[in-house]
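Written out below as structure tokens is the structure these notes cover.
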Amino acid sequence: MPATRRHAMPFGAHVLDGSAGVRFRLYAPGAREVELVYDAGAGERRATLEPKAGGWFETTRPDARAGTRYAYAIGDLRVPDPASRFQPDGVHGASLVVDPGAFAWPDDAWRGRPWNEHVFYELHVGTFTTSGTYAGAAAKLPHLVSLGVTALELMPLAEFPGSRNWGYDGVLPYAPSHNYGSPDDLKAFIAAAHGAGLSVFLDVVYNHFGPEGNYLHAYAPEFYTDRFATPWGAAIDVDSPERDSVRAFFIENALYWLDEYRFDGLRLDAVHAIYDGPGRAFLRELASAVRTRIERAAYLVVENEDNESRLLERDFRAQWNDDAHHAAHVAITGQADGYYADYAADTVGLLGKILTQGFAYQGDPSPFRGGRRRGERSGSLPLGAFVNFLQNHDQVGNRPFGERITSLAPDDKVRALLAVLLLAPSPPLLFMGEEWGASTPFLFFCDFEPELAKLVTEGRRNEFKSFAEFGDPKARERIPDPASPRTFAASKLRWDECEREPHRSWLEFYRRLLTVRRTHIAPRISTVRGEDASYELLGRCGLRARWRLDDGTMLRLEANLGPDPEPGFTPYPQGNVAFTTHAEAFADALAPPWSVRWTFD
């Protein structure tokens, strides 16, 4: 039966029942007086908000309703609502009163998918299709279903400056970007995905606000702290005891997306840049709120450079596992500069450790970090706590020219590592377009006001000046300008490629692997932990690993991740072959270069 969803927020614009109007509530401890400026269809009106305890201001306007545009006047400054549900004219425009109860969800029975079935597909709405809209993305759902993914992960949607952005510069976290459609358009997309059997996750950013369009510093400086710093902007103060309202702003945001929009989970960006003390009080409070206030399964996934296993013991379901990407990338490209240096000395050994225990760095010294120890022990955790990938937005988009892995390494190497990562027990993640070896790059792009745009362009190009290739300033000018509309346009997927070679063959390869995963692996991995797994090295680049699955079946991997035949392998497979890159047996116990074989017994 159709149903409605409305998250009761303690701030923002709340449409009251009947014809009672709209309640407006703003946290502005740095303001002496706040006025509401609104237009309910009879021209602009003003009303003074009544000050309340704790820095709050509030008023109820009987003549306001859904569709009313409004802003807050604080002295000479007019600002949007920081909890705005929609910004039809962008971050500097008026907010719009939205009645979430007006959208009828077609099926309220959806409860998500079991975690063991998750195969993630990360996408950026603006470049996923030519139209760059929620409706455009919905038209591609049949492709995603036939591919074999089960969970979509949308890059951040919070309203950002201009018409194009990765989403990590969002400044109004409750307002889905107007560039992609209306709130109801987003809900329709999620409903369509659920109808197709796909879970939908959202990437959220709680560690900083973007550099343009955020006005909190003018009337709520309590949001910020100078005790810490992030690479992207002022740090958020969620650690100080008196910051209950700041913490509530982000916790309610998580609940809002899960409740009102029925997202199945959230991916929390860079939690290592959320400074909430050694006990991680804010993150644990957020997780507890989701656990107790959302009535269905809602999964929380973190990105965390520090590999804090303790967050994964109960509060968070999984972490994006950069270790898996870095080891795999080094294996097939040989790149060993920057953070890849941590994976160069024992690449295949670290990959075996990752596949069977989760993290590569579990308190071990990191050469890239000058010997500083990184990570915590992870072998006792479920292997489902580690989301592994060969590509994602960061690892593609943060390269100077946004190259995908298929343009950096030979096909046989890429296929071998895909066969390893997509069939191992940990949930895999794909980045949009990788399933057909898309020729389009994914570049860094943004649309800031002119002066800021110029600084971002210069900063982006200077990031690479330490590389020999870009030592000359003229050489750095070849790096695409992130502020140019052409950079954004170049990043849009070309869907017609799916029908041509070599893209058609890549697509078939992914479908084949994900069919094997769905049929043979996903039903048996709910309880698999590092304690149920082991690995050993064979020669220089050979790897043998095994996992005891839920039903007692033994899943075995044999892989040669090197350019030469590797000795020591079983000539003929033990048990049933689930997948192999080489149809022939490993003659004379030699595994061919870049070969992978998966078996059950």
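The values are calculated or read from the model by the stated rules, or taken from the named source; none is laboratory data. From a predicted model like this one, the values you see are computed outputs, not experimental measurements. Here Cβ is always computed from backbone atoms with ideal geometry, including for glycine, and neighbour counts include all displayed protein chains.
Condition check: in contact with a Ser or Thr (Cβ under 7 Å, 6 or more places away or on another chain), among the hydroxyl-bearing types (Ser, Thr, Tyr) and touching a residue at least 24 places away in the same chain (Cβ under 8 Å). Does SER309 satisfy that? So SER309 fits the description; yes. Of all the listed residues (VAL348, VAL330), the sole one being touching a Ser or Thr at 6+ places or on another chain (Cβ under 7 Å), buried (at least 21 other Cβ atoms within 10 Å of the Cβ) and either in contact (Cβ under 8 Å) with a residue 24 or more places away in the chain or part of a helix (DSSP H, G or I) (or both) is VAL330.
Is it fair to say ASN179 is at pLDDT 95 or above, touching a Cys at 6+ places or on another chain (Cβ under 7 Å) and assigned by TED's automatic domain parsing to the domain that holds GLN395?
Values: at pLDDT 95 or above: yes; touching a Cys at 6+ places or on another chain (Cβ under 7 Å): no; assigned by TED's automatic domain parsing to the domain that holds GLN395: yes.
Here the answer is no, as ASN179 does not meet what is asked.
Remark: pairs (first residue in the range 23-49, polar (S, T, N, Q); second residue part of a strand (DSSP E or B); Cβ separation under 8 Å; 6+ apart in sequence or on different chains) = THR48/GLU35; THR48/LEU36; THR48/THR59.
Residues in the range 512-563 that are on the phi > 0 side of the Ramachandran plot and touching an Asp or Glu at 6+ places or on another chain (Cβ under 9 Å): GLY539 alone.
How many residues are in contact with a strand residue (DSSP E or B) (Cβ under 6 Å, 6 or more places away or on another chain), aliphatic (A, V, I, L, M) and either at pLDDT below 95 or on the phi < 0 side of the Ramachandran plot (or both) when one looks only at the range 260-285?
4
Considering only residues that are in a loop (DSSP other than H, G, I, E, B) and in contact (Cβ under 8 Å) with a residue 60 or more places away in the chain, look in the range 550-587 and name the one that is surrounded by the most Cβ atoms within 10 Å (Cβ to Cβ). First the steps, then the outcome.
Of the residues in the range 550-587, the ones in a loop (DSSP other than H, G, I, E, B) are 550-553, 561-565, 567-575, 581-586.
From what's left, in contact (Cβ under 8 Å) with a residue 60 or more places away in the chain: 561-562, 581.
Details: LEU561: 26, GLY562: 21, THR581: 19.
Among those that are in a loop (DSSP other than H, G, I, E, B) and in contact (Cβ under 8 Å) with a residue 60 or more places away in the chain, it is LEU561.
On the given criteria, is ILE274 crowded, with 22+ Cβ neighbours inside 10 Å, assigned by TED's automatic domain parsing to the domain that holds ARG247 and under 19 Å from ALA248 (Cα atoms)? Criteria met by ILE274. Strands (runs of 3 or more DSSP E) fully within the range 165-265 that include at least 3 residues being under 23 Å from VAL456 (Cβ atoms): 172-176, 224-230, 233-236.
Checking each residue in the range 88-104 for being surrounded by 19 or more Cβ atoms within 10 Å (Cβ to Cβ) and over 16 Å from GLY162 (Cα atoms) picks out LEU96, VAL97, VAL98, PRO100, PHE103.
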